[in-house]
Amino acid sequence: MLDINKLIEFVKEDGRLLREANMTAEDVESKEGHQNFVTKYDKMSQDFLEEKLLAEWPEYTFISEEKSVQVQLTDAPAFILDPIDGTSNSMHS
């Protein structure tokens, strides 16, 4: 069963890590599409949350925008993650 307090704890911990980020131009990569970027912090956040969430809830599927593996959705529970929504905006702040 999903423990919402544990989930919130993981997300807050990830948020603290992201707030400490000091993004530079070297941290940004272009992806396919117009103004479509990924940063090392997108990947860091994704990896952190995937590790924490799947360790706590291994029966869940993990789907992330930055993950290159295609996962088929089923009726099984899933975490669907966009590590930093608005990467382009976060690059300029």
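Numerical summary
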quantity	calculated
Tabulated pairs, the stretch 36-61, first more than 22 Å from Gln72 (Cα to Cα), second open to solvent by 80 Å² or more (accessible area, probe 1.4 Å) and part of a helix (DSSP H, G or I), C-beta under 9 angstrom, 6+ apart or interchain	Lys40/Glu26
The lone exception for Gly33 - which of (1) modelled with pLDDT under 80; (2) on the phi < 0 side of the Ramachandran plot it fails	(2)
Every residue from the stretch 51-71 that is open to solvent by 90 Å² or more (accessible area, probe 1.4 Å) and modelled with pLDDT of 80 or more	Glu51, Pro58, Glu59
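The values are calculated or read from the model by the stated rules, or taken from the named source; none is laboratory data. Treat the numbers as computed from the prediction; the structure is a model and nothing was measured. A quick note on method: Cβ atoms are made from the backbone with ideal geometry, for glycine too, and the neighbour counts reach across all protein chains shown. Just the protein is used for accessible areas: all its heavy atoms, side chains included, with ligands, DNA and RNA removed. Shrake-Rupley method; radii C 1.70, N 1.55, O 1.52, S 1.80 Å.
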